[in-house]
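The values are calculated or read from the model by the stated rules, or taken from the named source; none is laboratory data. This is a predicted model, so every value here is computed, not measured. Using ideal geometry, Cβ is built from the backbone for each residue, glycine included, and neighbour counts are taken over all protein chains shown.
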Amino acid sequence: MKILFLTQWFQPEPFFKGLPFAKALRKCGHEVEVLTGFPNYPGGKIYSGYRIVPWKHEDMDGIPVNRVALYPSHDRSGTKRILNYLSFSISSTILGSFLINKPDIIYIYNLVTLKPAADIIRLFYQCPVVFDVQDLWPDSVENSGMLKAAMLNRLLTRYCLAVYKSGMHLVTLSHGMKTELVCRGVPEKRISVIYNWCDENNIRSKEKDLALAERLGLAGHFIVIFAGTMGIMQALDTVLDAASLIEAGYPNIKIVMVGDGVECLHLKQLARQKKLTNAFFLDRQPPEAISRVLSLSDVMLIHLKDEPLFRYTIPSKIQAYMAAAKPILLAMQGDAADIIRASKGGIVVDPENPEALAAGIVKMSRLSKADLKQMGALGAKYYRENMSMAVGVKKFEELFRSLCGR
């Protein structure tokens, strides 16, 4: 098969379903071509070695990549984010069909704004379309606070529903998301559930880096790590409130927050105001260094706001931590919680509940090292059997073949 990837993000951006996915499909005997934008995520600045031109062809490890112009942005400004999405949509709609070779199937990653481009290419080449739904729109946009005008929200709601019901085959990352789409009128037979996988090349189970622990002043402590974006959706004030609750009674427990985001400065200020001695912050780590940092953890923490949207969301951290055989403390409800319970790879507590989170941290700190290791091993086993890249690629390949009648 000749498979077209239509995605706004692609390598060198940190995109787990990008180049590794394309190369895996090529290894299965398929031809893959990419239509994408100029790399600017997550900082919103064009990467070194690139500049905005109308279009550009390049070869990445044997995968032909076609880039078209866009407005680079990734900040809290709703207007700039809209320009970012729409500019790529317009460029790919106008130029896409003339830059690519004839595909047998189009694979769209996530954005409903890419439907016009897919429609034009499908009209040109008469091929089916698979839409990989990672964020359910307009729900995710509304929760982000980027789009506040009621009229625009109503228009976006109607547009998104029309996209989901337009005849494309949808792939969702959870059964809960599939159920929600069926409730919105999408035929169940047009929806498949394929779990996301993680960047398995950069996530490895490692023994604790004792030298790094010593350097950071964490040696000999029970370490809980939150790693990733510190944004509004993560509601990390709850984590600091929990740290405050356990600080006096459990001095052996340390909470480390790794990463950055729009709430990072606020969280650091809050930790200072609370005079916390058990909460520490580390800057975002490059992929080649993150394994060393994660190796320090006895438990990996995932926390999101208690919103209906997140009950059918599965954060990518879950796959990464399970693959690394790390015990997980999950403060979420819904599909993600079901996975942790089914795998026995961690403990689930209620989100935005400092008391419940503090109790979960204390409970895990009382487990033996052998119990924690077994918990991590069970999570890794579940990942390999249900969520790994090998499993996901096979399911995508089977879906593509069935839609192409092969």
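Ala320: surrounded by 21 or more Cβ atoms within 10 Å (Cβ to Cβ) and of a type in the set (A, V, I, L, M), yes or no? If you could, list the steps in order and put the result at the bottom.
Numbers: surrounded by 21 or more Cβ atoms within 10 Å (Cβ to Cβ): yes; of a type in the set (A, V, I, L, M): yes.
Taking the combined requirement at face value, the residue satisfies it.
State which residue is surrounded by the most Cβ atoms within 10 Å (Cβ to Cβ) when the search covers only region 351-402 and only residues that are within 30 Å of Ile232 (Cβ to Cβ) and polar (S, T, N, Q).
Here the residue is Ser365.
Can you tell me which of Lys148, Lys208 is at pLDDT below 90, in contact with a Ser or Thr (Cβ under 6 Å, 6 or more places away or on another chain), outside any strand (DSSP E or B) and of a type outside the set (Gly, Ala, Ser)?
Values: Lys148 fails: in contact with a Ser or Thr (Cβ under 6 Å, 6 or more places away or on another chain).
Being at pLDDT below 90, in contact with a Ser or Thr (Cβ under 6 Å, 6 or more places away or on another chain), outside any strand (DSSP E or B) and of a type outside the set (Gly, Ala, Ser) holds for just one of Lys148, Lys208, which is Lys208.
When the residues of region 251-282 are narrowed to those that are in a loop (DSSP other than H, G, I, E, B) and surrounded by 18 or more Cβ atoms within 10 Å (Cβ to Cβ), which ends up modelled with the lowest pLDDT? So that I can check it myself, show each step before the final result.
Going through region 251-282, the residues in a loop (DSSP other than H, G, I, E, B) turn out to be 251-252, 259-263, 274-278.
In the following step, the residues that additionally are surrounded by 18 or more Cβ atoms within 10 Å (Cβ to Cβ) were identified as 259, 261, 263, 278.
On the way: Gly259: 92, Gly261: 89, Glu263: 94, Asn278: 96.
Out of the qualifying residues, it is Gly261.
Scanning region 50-101 for residues that are of a type in the set (A, V, I, L, M) and touching a Ser or Thr at 6+ places or on another chain (Cβ under 8 Å), which turns out surrounded by the most Cβ atoms within 10 Å (Cβ to Cβ)?
Our first condition is that a residue be of a type in the set (A, V, I, L, M); within region 50-101, this holds for 52-53, 60, 63, 65, 68-70, 82-83, 86, 90, 94-95, 99-100.
If we keep only those that are touching a Ser or Thr at 6+ places or on another chain (Cβ under 8 Å) as well, we get 65, 68-70, 83, 86.
Numbers: Val65: 21, Val68: 25, Ala69: 19, Leu70: 23, Leu83: 15, Leu86: 14.
Residue satisfying both the conditions and the ranking: Val68.
Answer yes or no as to whether Val224 is among the β-branched types (Val, Ile, Thr), under 16 Å from Met322 (Cα atoms) and touching an Asp or Glu at 6+ places or on another chain (Cβ under 9 Å). Walk me through how you get there before you give the answer.
Details: among the β-branched types (Val, Ile, Thr): yes; under 16 Å from Met322 (Cα atoms): yes; touching an Asp or Glu at 6+ places or on another chain (Cβ under 9 Å): yes.
For Val224, the condition - among the β-branched types (Val, Ile, Thr), under 16 Å from Met322 (Cα atoms) and touching an Asp or Glu at 6+ places or on another chain (Cβ under 9 Å) - is met.
For region 21-30, does any single residue satisfy the condition of being more than 24 Å from the chain's Cα centre (by Cα), over 23 Å from Lys395 (Cα atoms) and assigned to a helix (DSSP H, G or I)?
From region 21-30, those more than 24 Å from the chain's Cα centre (by Cα) are 27-30; that's our starting set.
Adding the requirement that they be over 23 Å from Lys395 (Cα atoms) leaves none.
No, the conditions are met nowhere in region 21-30.
Against the conditions (1) in a helix (DSSP H, G or I); (2) within 26 Å of Met322 (Cα to Cα), where does Asp199 fall short? Just the number, please.
With (1) in a helix (DSSP H, G or I); (2) within 26 Å of Met322 (Cα to Cα) applied to Asp199, the lone miss is (1).
Among the numbered conditions (1) assigned to a helix (DSSP H, G or I); (2) in contact with a helix residue (DSSP H, G or I) (Cβ under 6 Å, 6 or more places away or on another chain), tell me where Arg341 comes up short.
Only one criterion is unmet by Arg341, namely (2).
Restricting to region 227-250, name every residue that is touching a His at 6+ places or on another chain (Cβ under 7 Å) and either assigned to a strand (DSSP E or B) or among the polar types (S, T, N, Q) (or both). Give the derivation first.
Pass one, region 227-250, residues touching a His at 6+ places or on another chain (Cβ under 7 Å): 234-236, 238-239.
Correct list: Gln234, Thr238.
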